Amino acid sequence: MSTDPYSATVRELFATTPHAGDLAGAESVSITDQEVRIRLSAGVEDGVITAMRFRAWGCPHLIAGAETACAALEGCVAAGLVDWAASDLMENLPVPVEKTGRILVLEDAVRSLGRRLCDGT
Amino acid sequence: MTEDYIYLDYAASTPVDPRVFDRMRACSEATCANPSSTHAAGRLSQDIIASAAIQVAELLNVDPETLVWTSGATESDNLAIAGGARYRAHRGKHIVTMKTEHKAVTDVFDALAKEGFEITWADAGANGLLDPAAFEAALRDDTQFVSIMFVNNETGVIQDIEALGTICRQRDILFHVDAAQAVGKLPIDLGKLPIDLMSLTAHKFYGPKGVGALYIADRPGCHVEPILFGGGQQRRLRPGTLPTELIAGLGLTAEIAAGRIDDDLEHLKALREALWAGIRDIEGISLNGDPNGFPGILNVSIDDVEGESLLLALEPLLVATGSACNSKSQEPSYVLRALGLTDMQAQSAIRFSVGRPTTVDEVEFAAGHYRAAVDKLRGLAPENAA
């Protein structure tokens, strides 16, 4: 049993974050909660997410999770973000139970971005 | 230790000096006997232990008979504090320590509170130092026991032990010093310092883990009650079979340290200066604790950077966010909070601790890597973070 608090996946995603940054002129949301801060922005064409970027202030699991989410959601329909769930991401990274609240902030940010993209709320 | 990492956590533990390792192996090969046995092999074990006591005693300038062997500083602290406070309880039950002490001290005080002892937790200033006048003001007629650490394990702050001990001596208060971070690293002359009880451990100064000692001054009224029971060893103060090899290792560790303390200090000062010079101009950085503290430790906080991510981004540097004993906790360091740092400042704190094997190249690399890690994380963060 490993004593390393980070999986190889988390380490790799934390070290290389190609989706970190902003998209100029794109729709974005920012959330601060659970001692973390996250900002997501997405470019959309014909209802499909063409690019997604994040900025994050938080633990390595949050940064790895944000990178994973942005990579996975590019190419998806924007409406799908509204009910996006972080459960698969938490299982795959994996995220320890004490970090769940922080990943749920990411989930909230994705859903909020989805609502903004779909109906402007 | 893998060569892929740069070890900068010498305040947590140090590598065993190869000469110490050889000495322990030689002892183990020479005799397996219990030092309490009266036959020839047992007497050889006794002789090895007696020699080690002389080596440690010479480092501290004390009589070897004033040393009690323990498993390390935590046990020494427990024996000194619980044993000392209980020994003096018939005179008074007010005891004093600082908020910035190691858990091996604070947890014993908490336990004594449940026995009816009344505790005063002395405040450190923003620089981590305890003002002797404020300390004296906290003492009462029924104060019988005080415990103050020599060098803080997180910040490297060095307390004015001579001034604090003198105050205690004038009032006939038992004065214990947790010197786990000081013995073998700073010159300590117990023939001059007014210390009644002092804890030390081998693994903080290039000796083995699992062995330490408690110094108990040979003066009237200075004594402790045992906290362990089960045999007559060590005048019943600390029963249990003595680990001959480990004690021999501690003895040689002390002898080696005695011969190089001044050189070690010069080396550590140069390293600390090089490290601080490499990072001191980073925006939002601050040095935690008295800048004139022990040169083996540099504790810094940084604005707008999350501590856990900083620690991971700093690999391959092996550093600490707080006391290693407490590093699994997500809570900000209580020591740094006691110095007035905010949760965010305390959470971003990194303790670099350097040692004999550390090189200037390593600390210069560390400084550059720290700078890069801060830049990376600040670049990832949304505006107005923290």
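The values are calculated or read from the model by the stated rules, or taken from the named source; none is laboratory data. Here the structure is a predicted model, which is why all the values come from computation and not from measurement. Quick reminder, even Gly has a Cβ in these numbers, built from the backbone with ideal geometry, and neighbours come from all protein chains shown.
For the reader, a short list of remarks on this structure follows.
- Qualifying residue in the range A:51-61 (condition: in contact with a Gly (Cβ under 9 Å, 6 or more places away or on another chain), under 26 Å from A:D119 (Cα atoms) and assigned to a helix (DSSP H, G or I)): no
- Each residue in the range A:73-95 was checked for being away from chain B (no Cβ under 14 Å) and either without any contact (Cβ under 8 Å) to a residue 12 or more places away in the chain or closer than 29 Å to B:M344 by Cα (or both), and 7 pass.
- Residue that is nearest to A:P18 (Cα to Cα) [pool: residues in the range A:68-121 that are basic (K, R) and surrounded by fewer than 20 Cβ atoms within 10 Å (Cβ to Cβ)]: A:R111
- Against the list (1) outside any loop (DSSP other than H, G, I, E, B); (2) under 14 Å from the mean Cα position of the chain (by Cα); (3) under 23 Å from B:S348 (Cβ atoms), the condition A:V95 fails is (1).
- For the range A:11-32, filtered to residues that are at the interface with another protein chain (Cβ under 10 Å from one of its Cβ atoms) and of a type in the set (S, T, N, Q), the residue that is farthest from A:D119 (Cα to Cα) is A:T17.
- Any hit, the range B:174-195, residues being crowded, with 24+ Cβ neighbours inside 10 Å, of a type in the set (S, T, N, Q) and touching a helix residue (DSSP H, G or I) at 6+ places or on another chain (Cβ under 9 Å): yes
- Within the range A:57-68, if we keep just the residues that are within 10 Å of the chain's Cα centre (by Cα) and of a type outside the set (A, V, I, L, M), the residue that is nearest to the other protein chains (Cβ to nearest Cβ) turns out to be A:E67.
- Going through (1) over 16 Å from B:W69 (Cα atoms); (2) aromatic (F, W, Y); (3) over 17 Å from the mean Cα position of the chain (by Cα) one by one, B:F205 falls short only on (3).
- Total residues in the range A:69-92 satisfying the condition of being small (G, A, S) and under 10 Å from the mean Cα position of the chain (by Cα): the figure is 4.
- Test: residue in the range B:49-65 that is under 25 Å from B:L197 (Cβ atoms) and among the hydroxyl-bearing types (S, T, Y): yes
- The requirement of being within 25 Å of B:D17 (Cα to Cα), assigned to a helix (DSSP H, G or I) and in the same structural domain as B:L186 (by TED's automatic domain parsing) is satisfied by B:L246.
- Residue in the range B:361-370 that is part of a loop (DSSP other than H, G, I, E, B), surrounded by 17 or more Cβ atoms within 10 Å (Cβ to Cβ), out of contact with any Ser or Thr (no Cβ under 7 Å at 6 or more places or on another chain) and of a type in the set (A, V, I, L, M) present: no
- Listed by position, the strands (runs of 3 or more DSSP E) enclosed by the range B:169-218 that each have at least 1 residues that are under 18 Å from B:A52 (Cα atoms) are B:197-201, B:212-216.
- Number of the condition not met by B:A248 [criteria: (1) in contact with a Lys or Arg (Cβ under 8 Å, 6 or more places away or on another chain); (2) within 14 Å of chain A (Cβ to nearest Cβ); (3) crowded, with 20+ Cβ neighbours inside 10 Å]: (2)
- Condition met for A:T9 (among the polar types (S, T, N, Q) and without any contact (Cβ under 8 Å) to a residue 60 or more places away in the chain): no
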